[in-house]
Amino acid sequence: MSLEALLEAGKAKGASIDPRISFLNTDSSGLSAFAKVTEEEGAKFPISIQIPNSLIIKPENAIEDLDVTTGKIDSLILFKFYLACLRLGIVSNDNFKAYIDLLPDATQIHSPLSMDYKSLYVFENTALNSSVVERKLELLRKDFVQVSSLNSKVSFSDYLWAHLIVTSRAFPYRIVNPNALSHEVMLLPIVDL
């Protein structure tokens, strides 16, 4: 799926994108949004992107689409598992497909968590040495065990990808739902580019 397809799908479902915003794929930062406005113009006429509620990927989407009872599994762990299921096509939601298809692979995120052992040598003798990475991966594996029985087609690598997406793109869910738990997050397609 392309950026154009995501923008068109978003607009068709009610997203409003300021015409002064352009989206480009750059070598240094991947897909990014750029504002074509001076600071003075921006102060007078703020730039905005409005995303309808139906396009926001929220914790309750995971509960509903995975048909899971709340309270049994931590909502953030379930949310990550849901993203992996969306990516794999295990569950589908037409509102999210164009966005999910456009998300980068784990290797494109450039996280130490997705590096092979040979690449981790650059962190030797630093605060982010391989033992720190291994400890984080161990914690993620424990999280994955809590949800892995929901669908055996989701691998730990799929769950790790979802974790990397959440940690690099998610917004606090409390922005739109003041009753949300403090650790709950949401994904805002188009806004996070």
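The values are calculated or read from the model by the stated rules, or taken from the named source; none is laboratory data. Model, not experiment: these values are computed from the prediction. Cβ coordinates were reconstructed from backbone atoms using ideal geometry, including for glycine residues, and neighbour counts include every protein chain displayed. All accessible areas refer to the heavy atoms of the entire protein, side chains included, with ligands and DNA or RNA removed. Shrake-Rupley method; radii C 1.70, N 1.55, O 1.52, S 1.80 Å.
Taking the stated definitions as given, is ALA84 of a type in the set (A, V, I, L, M), under 19 Å from the mean Cα position of the chain (by Cα), within 16 Å of HIS163 (Cα to Cα) and surrounded by 13 or more Cβ atoms within 10 Å (Cβ to Cβ)? In short, yes. Starting from the stretch 129-151, take each residue that is of a type outside the set (Asp, Glu) and open to solvent by less than 40 Å² (accessible area, probe 1.4 Å) and list its partners that are assigned to a helix (DSSP H, G or I) and modelled with pLDDT under 80, counting only C-beta distances under 7 angstrom and pairs at least six apart or across chains. Cβ pairs passing all conditions: VAL133/PRO112; VAL133/LEU113; VAL133/LEU120; LEU137/LEU113. Among the residues making up the stretch 40-51, those that are out of contact with any Ser or Thr (no Cβ under 9 Å at 6 or more places or on another chain) and surrounded by 11 or more Cβ atoms within 10 Å (Cβ to Cβ) are GLU41, GLY42, PHE45, ILE47. Does SER28 qualify as being over 27 Å from HIS183 (Cα atoms), of a type in the set (S, T, N, Q) and at pLDDT below 90? Criteria met by SER28.
In the stretch 171-188, the residues that are farther than 16 Å from LEU55 by Cα form Cβ pairs under 9 Å with partners that are of a type in the set (A, V, I, L, M) and assigned to a loop (DSSP other than H, G, I, E, B), at six or more places apart or across chains, as follows: ARG174/ALA180; ARG174/LEU181. Say whether the condition of being within 30 Å of ARG20 (Cα to Cα) and surrounded by fewer than 16 Cβ atoms within 10 Å (Cβ to Cβ) is met by at least one residue in the stretch 57-66. No, the stretch 57-66 has no match at all. The residues listed here are LEU24, LEU86, LEU76; of these, the one that is of a type in the set (A, V, I, L, M) and touching a residue at least 60 places away in the same chain (Cβ under 8 Å) is LEU76.
Taking the listed residues TYR159, TYR173, the one that is open to solvent by less than 80 Å² (accessible area, probe 1.4 Å) and touching an Asp or Glu at 6+ places or on another chain (Cβ under 6 Å) is TYR173, with no other qualifying.
Residue-wise test of (1) modelled with pLDDT of 95 or more; (2) outside any helix (DSSP H, G or I); (3) under 17 Å from the mean Cα position of the chain (by Cα).
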position: GLY42; (1), (2), (3): no, no, no
position: ILE47; (1), (2), (3): no, yes, no
position: GLY71; (1), (2), (3): no, yes, no
position: ASP94; (1), (2), (3): no, yes, yes
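Within the stretch 1-39, restricting attention to residues that are among the charged types (D, E, K, R) and over 15 Å from TYR99 (Cα atoms), the residue that is least open to solvent (accessible area, probe 1.4 Å) is ASP18.
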